[in-house]
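Read through the structure below, which is laid out as structure tokens, and then see the notes.
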Amino acid sequence: MPSTKAPIRVAVTGAAGNIGYAAIFRIASGAVFGPDQPVALNLIEVGPGLNALKGVVMELEDCAFPLLTDVVATGDLNEGFKDADWCLLIGAVPRKQGMERKDLLGINGKIFTGQGEAIGKNAKKTVKVLVVGNPCNTNALIALRSASGIPEQNFFAMTRLDENRAKSQLAAKSGTHNSVVKNMVIWGNHSATQYPDFTNATIGGKKATDVITDSAWLKETFIPTVQKRGAAVIEARGASSAASAANAALDTVRSLHFPTPAGDWHSVAVLSKGEYGITPGILFGYPIRTKADGSWEIVQGLPIDEFSRSKIKITETELLEERAQASEALGIKL
Ligand code: LMR
């Protein structure tokens with residue numbers, strides 16, 4: 001019998017792109033919000049993507065998903081974000097040869113300004129927005145500042161791909177399974193300056209540093225491997241990570257929708273209000289717990305040693321630079 005629950009409406013930009021394509025069928029299947037929760041999809045594309053999107057809609061029809069109530073496919077942001085409960089902002093212009101990072105912040109900054117405005121005007125006031133398109137932390141800040149009427153705490157940038165990568169590396173090194181590696185914080189930016197914090201991680205309930213005692217490996221191999229994993233995937237595949245990025249986006253949504261299991265947390269970037277001494281007003285990767293009422297909190301009081309502090313400072317500095325560059329490119333104070 002069909003569920004009587006109201007559908008959760010999920011808007012996805014870049015819906016026909018590689019990450020979008022890997023994400024939307026799983027949302028429609030019930031893999032994110034559960035087997036008794038209907039979902040509706042608002043699929044957004046630009047230019048040439050619109051034709052491909054027609055094919056994606058045909059494939060969704062051909063899946064006959066019992067939980068999928070309706071699909072909107074559009075190039076219009078107002079229509080696309082209408083009544084959305086969740087927005088997954090995946091589409092972004094990738095950096096091309098000869099482009100400075102600042103150019104990218106300017107180009108994508110304009111995109112995320114327009115998307116933020118359209119979300120503010122059209123989505124539900126309770127909408128939650130996850131930014132995946134890079135540079136995702138600063139794009140999320142731009143969307144947040146542009147979306148009037150939507151609470152700041154409803155904007156997120158994805159660091160879950162880094163969390164998953166970090167857990168997988170620690171599991172492999174310790175000869176354990178991913179499922180027993182917990183308490184992984186990715187501090188800061190989803191970039192090569194991020195700090196995957198092995199000092200607070202646990203493996204099978206023990207401190208990761210008691211299980212992996214090779215401190216040189218943790219500092220000199222583990223950290224750069226996680227930081228540069230995106231680049232390593234691009235090198236091997238000839239294209240950016242897509243299935244793992246989609247998977248991490250859906251993990252993030254699930255972790256923000258359902259309460260966090262006792263004793264653990266998940267990593268996602270939220271607007272800093274100065275927690276752990278970070279400058280307020282940047283989207284910073286923190287350890288987050290989702291509460292039973294659907295709100296979230298930053299896990300407080302984790303020990304930060306001198307090594308961790310120095311790593312966190314580097315990624316904070318980069319995010320402050322990105323904010324300044326985006327402000328300059330857009331001519332606004334973010
Ligand atoms: C990733 O971490 O795989 C991507 O963010 C890398 C990229 O630059 O697309």
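The values are calculated or read from the model by the stated rules, or taken from the named source; none is laboratory data. Just so we're clear, the structure is a prediction, and the values are computed from it rather than from any experiment. Please note: Cβ atoms are built from the backbone with ideal geometry, for glycine as well, and neighbour counts cover all protein chains shown. Please note that ligands, DNA and RNA were not included when accessible areas were found on the heavy atoms of the full protein model with its side chains. Shrake-Rupley method; radii C 1.70, N 1.55, O 1.52, S 1.80 Å.
Rundown of residues vs (1) closer than 15 Å to Glu79 by Cβ; (2) in contact with a strand residue (DSSP E or B) (Cβ under 8 Å, 6 or more places away or on another chain), yes/no style:
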position	(1), (2)
Ile8	no, yes
Thr13	yes, yes
Ala22	no, no
Phe25	no, no
Ser29	no, no
Asp36	no, no
Val39	no, yes
Leu43	yes, yes
Val46	yes, no
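Consider the range 159-212. How many of its residues are within 16 Å of the ligand (Cβ to nearest atom), among the β-branched types (Val, Ile, Thr) and touching a Pro at 6+ places or on another chain (Cβ under 9 Å)?
Of the residues in that region, 1 qualify.
Among (1) out of contact with any Leu (no Cβ under 8 Å at 6 or more places or on another chain); (2) modelled with pLDDT of 95 or more, where does Lys96 come up short?
Going through the list (1) out of contact with any Leu (no Cβ under 8 Å at 6 or more places or on another chain); (2) modelled with pLDDT of 95 or more, Lys96 breaks only (2).
Does the range 8-24 contain at least one residue that is under 21 Å from Thr126 (Cα atoms) and open to solvent by 10 Å² or more (accessible area, probe 1.4 Å)?
Scanning the range 8-24, I find at least one residue that is under 21 Å from Thr126 (Cα atoms) and open to solvent by 10 Å² or more (accessible area, probe 1.4 Å), so the answer is yes.
Which residue, of Ala329, Ala248, is in a helix (DSSP H, G or I), in contact (Cβ under 8 Å) with a residue 12 or more places away in the chain, touching a Leu at 6+ places or on another chain (Cβ under 9 Å) and buried (at least 20 other Cβ atoms within 10 Å of the Cβ)?
Values: Ala329 fails: buried (at least 20 other Cβ atoms within 10 Å of the Cβ).
From the options Ala329, Ala248, the qualifying one is Ala248.
Show the residue pairs that are 6+ apart or on different chains and have beta-carbon atoms under 7 Å apart, the first residue being within the range 194-218 and under 18 Å from Asn178 (Cβ atoms), the second being in a strand (DSSP E or B) and open to solvent by less than 40 Å² (accessible area, probe 1.4 Å).
Pro196/Ile186; Asp197/Val185; Asp197/Trp187; Asn200/Val185; Ala201/Val181; Ile203/Val181; Ala208/Thr202; Val211/Ile203
So for the range 117-133 (the condition being away from the ligand (no atom under 16 Å from the Cβ), within 19 Å of Gly20 (Cβ to Cβ) and assigned to a strand (DSSP E or B)), does at least one residue qualify? Walk me through it before giving the result.
Residues of the range 117-133 away from the ligand (no atom under 16 Å from the Cβ): 117-129.
Going one step further and asking which of them are within 19 Å of Gly20 (Cβ to Cβ), we end up with 118-119, 123, 127-129.
Restricting the remaining residues to those that are assigned to a strand (DSSP E or B) gives 128-129.
There is at least one residue in the range 117-133 that is away from the ligand (no atom under 16 Å from the Cβ), within 19 Å of Gly20 (Cβ to Cβ) and assigned to a strand (DSSP E or B).
Which condition from (1) touching a residue at least 40 places away in the same chain (Cβ under 8 Å); (2) more than 16 Å from Ser240 (Cβ to Cβ) is the one that Gly98 breaks?
The single condition Gly98 does not satisfy is (1).
Which one is farthest from Thr209 (Cα to Cα) among residues in the range 305-317 that are surrounded by fewer than 21 Cβ atoms within 10 Å (Cβ to Cβ) and among the acidic types (Asp, Glu)?
Glu306
Checking Ala231 against (1) among the hydrophobic types (A, V, I, L, M, F, W, C); (2) more than 30 Å from Val93 (Cα to Cα); (3) out of contact with any Ser or Thr (no Cβ under 7 Å at 6 or more places or on another chain), only one condition comes out false. Which one?
(2)
For the range 53-94, give me each residue that is over 25 Å from Ser240 (Cβ atoms) and touching a Ser or Thr at 6+ places or on another chain (Cβ under 8 Å).
Cys63, Phe65, Leu67, Asp85
Filter the range 213-235 down to the residues that are more than 11 Å from the ligand (Cβ to nearest atom) and of a type in the set (A, V, I, L, M, F, W, C), then identify the one that is nearest to Gly133 (Cα to Cα).
The extreme case among them is Ile223.
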